[in-house]
Amino acid sequence: MYGGGNTFEGIKTDNLAQEDPIKLAAFEARIARGEKIEPTDWMPQLYRKQLIRMIEQHAHSEIIGALPEGTWITRAPGFKRKMSLMAKVQDEVGHAQLLYSAAETLGKSREQMIDDLINGKSKYSNIFNYPTFTWADCCFISWLVDAGAIVNQLANAKGSYGPYCRALDRICAEESFHLKYGHHCVIYLASGTAKQRQMFQEALNRWWPPMMHFFGPSDKISAHTEVLMRWKVKMGTNDEMRNQFLDMYVPKIWELGFTIPDPNLKKNESGKWEYTEPDWEEFKRVINGDGPCNKERLEVRRIAEARGKWVREALKTPKMSYVTPLA
Amino acid sequence: MNSLDPRVNRLPQITEAVLPKAALDQFGTYEVFVQPKEGKPFQHEGIVHAPNLELAWVLAKETFTRRFTCASLYVVDTRDVYVSPLTEGDKNVYDVLPQVAEQSGSKKNFEIYHLVKRGKQHVHVGTVQAVLPQEAMHLAGKQFNHSKVVFNVWAIATDTIRFTTDEEKELWLTLPEKKFRDASDYKGGDKLKEFLEKSNFN
Ligand SMILES: [Fe+2]
Ligand SMILES: [Fe+2]
Ligand SMILES: [Fe+2]
């Protein structure tokens with residue numbers, strides 16, 4: 001799961017002037033040649049900072065993203081669905097493990113990242129601050145939120161930082177099951193009873209605005225990211241990602257006879273999707289902590305941290321010391 | 001809490017403040033190496049955090065071999081991996097490593113890993129016998145430095161590794177049965193087709 005927040009805050013490029021121009025040129029040339037940057041390579045401070053922020057937020061999104069879906073494990077309709085959903089949620093938590101590790105190679109400790117999540121200092125994908133009222137909400141996430149995440153993740157897997165790309169390659173391979181599973185769930189609701197169809201339609205109505213938020217603010221209002229694109233930290237603009245998602249999934253939603261709650265949604269002659277701009281004020285509010293579930297999501301993590309503390313302390317041995325992981 | 005999830009509502013209230021984490025709250029790290037198929041070399045896959053080598057092995061199995069076919073896996077404390085510098089362009093790392101004379105003392109095995117393409121994973125190339133890891137790298141340069149440019153070398157004393165035993169390999173035999181983890185097990189196509197034929201939405 002991933003999207004949104006990282007592009008919301010602006011970046012300051014003025015400290016680039018303090019970087020060694022020769023090293024900077026060599027760094028940029030390497031990226032332009034299509035070579036990956038590895039943890040021990042020289043890199044500008046801004047590159048390191050942005051990558052930590054982005055990978056960390058991605059990791060938090062996986063772990064928080066497991067909560068709205070995890071809610072439905074106990075109430076999944078049938079044993080098969082329960083097994084599948086459990087496997088999927090386990091994958092998402094595994095993704096967080098891989099991503100935290102990639103961020104650590106850049107020098108931020110896992111302890112610090114978890115602290116920052118719990119204190120609300122670092123963000124995660126805004127979409128997980130919405131509740132899953134019914135099984136159909138859970139199906140929406142498995143199919144379409146994961147679809148959105150895959151659009152982002154496939155793009156980022158072609159980025160410049162080696163450890164992040166390697167983690168994403170693994171993640172994307174696992175995501176293919178999530179997507180097929182989610183689509184399968186929705187097809188079953190679509191071809192089921194009138195009540196089942198209605199249930200999914202209502203979920204779609206609830207989740208469409210956050211889904212549009214998922215890719216981050218419109219290019220018209222979002223921070224300038226030219227340098228991040230050149231460094232292959234960001235692999236496409238928010239609107240490009242959103243458009244790609246709409247292009248791939250709107251026809252599949254329509255095919256099932258559901259209505260997307262936006263009368264202006266259509267593909268124009270040039271192949272671009274037109275839509276009503278989502279409410280970016282709401283997006284800001286939710287990102288900044290005032291969504292329907294922000295408090296609950298962080299509280300669940302906080303309680304888990306507090307309850308697990310004695311176990312972690314009991315397992316500590318004096319032999320331990322920390323070194324930055326290798327790759 | 002007032003959650004839609006009854007399990008969340010049942011969680012105990014934690015009144016005390018959650019303090020910033022102490023150093024090593026998440027333990028140290030272990031490097032994970034996986035053999036994807038019998039006969040293929042082991043390759044580096046990533047890390048896990050664990051309180052000891054044994055638990056690192058358990059967590060590595062969960063994190064890295066849940067899904068993909070796997071013949072074997074092993075783990076080693078990150079601190080037990082001896083790492084060469086990283087070179088670039090056409091500079092072979094073996095050309096910059098210092099010459100190390102043969103050491104006296106009891107020799108042990110070292111597993112040697114190479115990085116031959118930046119951005120890819122380190123892959124096992126063989127085992128050498130040496131007293132020191134520096135010496136092991138020097139010997140590896142003579143034995144395994146053939147044609148391709150090597151950018152980075154790792155040397156790991158074999159006796160620091162937690163290997164998978166033959167008995168434990170049975171763990172992976174259940175993988176093919178866990179069909180619910182495979183994308184190909186979710187064939188919605190027929191159901192979708194039938195649905196589309198009956199419906200008149202499109
Ligand atoms: Fe997901
Ligand atoms: Fe994921
Ligand atoms: Fe997923």
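The values are calculated or read from the model by the stated rules, or taken from the named source; none is laboratory data. Since the model is a prediction, treat every value here as computed from it, not as a measurement. Neighbour counts run over all protein chains shown; Cβ positions are idealised from the backbone, glycine included.
Things to note:
- Looking across region A:112-137, the residues that are touching a Pro at 6+ places or on another chain (Cβ under 8 Å) and more than 15 Å from ligand 2 (Cβ to nearest atom) come down to A:115, A:126, A:129, A:130, A:131, A:132, A:135, A:137.
- Within region A:85-101, tally of residues that are facing chain B (nearest Cβ under 8 Å) and either closer than 12 Å to residue B:47 by Cα or within 11 Å of ligand 2 (Cβ to nearest atom) (or both): 6
- Test: residue in region B:33-51 that is within 11 Å of another protein chain (Cβ to nearest Cβ), touching a helix residue (DSSP H, G or I) at 6+ places or on another chain (Cβ under 8 Å) and either without any contact (Cβ under 8 Å) to a residue 12 or more places away in the chain or in a loop (DSSP other than H, G, I, E, B) (or both): yes
- Residue that is nearest to ligand 1 (Cβ to nearest atom), among those in region A:80-106 that are surrounded by 24 or more Cβ atoms within 10 Å (Cβ to Cβ) and of a type in the set (D, E, K, R): A:92
- Among the residues making up region A:132-154, none is more than 16 Å from ligand 1 (Cβ to nearest atom) and more than 20 Å from residue A:197 (Cβ to Cβ).
- Unique match (being touching a residue at least 60 places away in the same chain (Cβ under 8 Å) and out of contact with any Leu (no Cβ under 7 Å at 6 or more places or on another chain)) among A:286, A:311, A:323: A:286
- Flag if residue B:64 is more than 7 Å from chain A (Cβ to nearest Cβ) and within 20 Å of residue B:82 (Cα to Cα): no
- Meets criteria (facing another protein chain (nearest Cβ under 7 Å), without any contact (Cβ under 8 Å) to a residue 60 or more places away in the chain and part of a loop (DSSP other than H, G, I, E, B)) for residue B:11: yes
- Matching residues, region A:184-210, being within 10 Å of chain B (Cβ to nearest Cβ), within 20 Å of residue A:70 (Cβ to Cβ) and either in contact with a strand residue (DSSP E or B) (Cβ under 8 Å, 6 or more places away or on another chain) or not β-branched (Val, Ile, Thr) (or both): A:184, A:185
- Taking (1) surrounded by fewer than 23 Cβ atoms within 10 Å (Cβ to Cβ); (2) within 16 Å of ligand 2 (Cβ to nearest atom) in turn, residue A:63 satisfies each apart from (1).
- Which listed residue is without any contact (Cβ under 8 Å) to a residue 24 or more places away in the chain and more than 14 Å from every other protein chain (Cβ to nearest Cβ), from A:277, A:299, A:281, A:255: A:281
- Residue selected from region A:68-98 under the condition under 27 Å from residue B:19 (Cβ atoms) and in contact with a Ser or Thr (Cβ under 9 Å, 6 or more places away or on another chain), by the criterion farthest from ligand 3 (Cβ to nearest atom): A:97
- Out of A:171, A:187, sole residue that is among the β-branched types (Val, Ile, Thr) and within 11 Å of ligand 3 (Cβ to nearest atom): A:171
- Failed item, numbered, when residue B:118 is tested on (1) within 14 Å of chain A (Cβ to nearest Cβ); (2) surrounded by fewer than 16 Cβ atoms within 10 Å (Cβ to Cβ); (3) of a type in the set (D, E, K, R): (2)
- Helices (runs of 4 or more DSSP H) contained entirely in region A:116-220, each with at least 2 residues that are without any contact (Cβ under 8 Å) to a residue 12 or more places away in the chain and surrounded by fewer than 19 Cβ atoms within 10 Å (Cβ to Cβ): A:162-190, A:194-213
- Count of region B:78-111 residues which are assigned to a strand (DSSP E or B), out of contact with any Phe, Trp or Tyr (no Cβ under 6 Å at 6 or more places or on another chain) and buried (at least 19 other Cβ atoms within 10 Å of the Cβ): 2
- Options A:147, A:157, A:173: the member that is within 13 Å of ligand 2 (Cβ to nearest atom) and farther than 25 Å from residue A:210 by Cβ: A:173
- Some residue of region A:136-156 being farther than 17 Å from residue A:207 by Cα, touching a Gly at 6+ places or on another chain (Cβ under 7 Å), within 12 Å of chain B (Cβ to nearest Cβ) and more than 15 Å from ligand 3 (Cβ to nearest atom): no
- Of note, residue A:110 does not satisfy the criterion of being modelled with pLDDT of 95 or more, over 20 Å from the mean Cα position of the chain (by Cα) and facing another protein chain (nearest Cβ under 10 Å).
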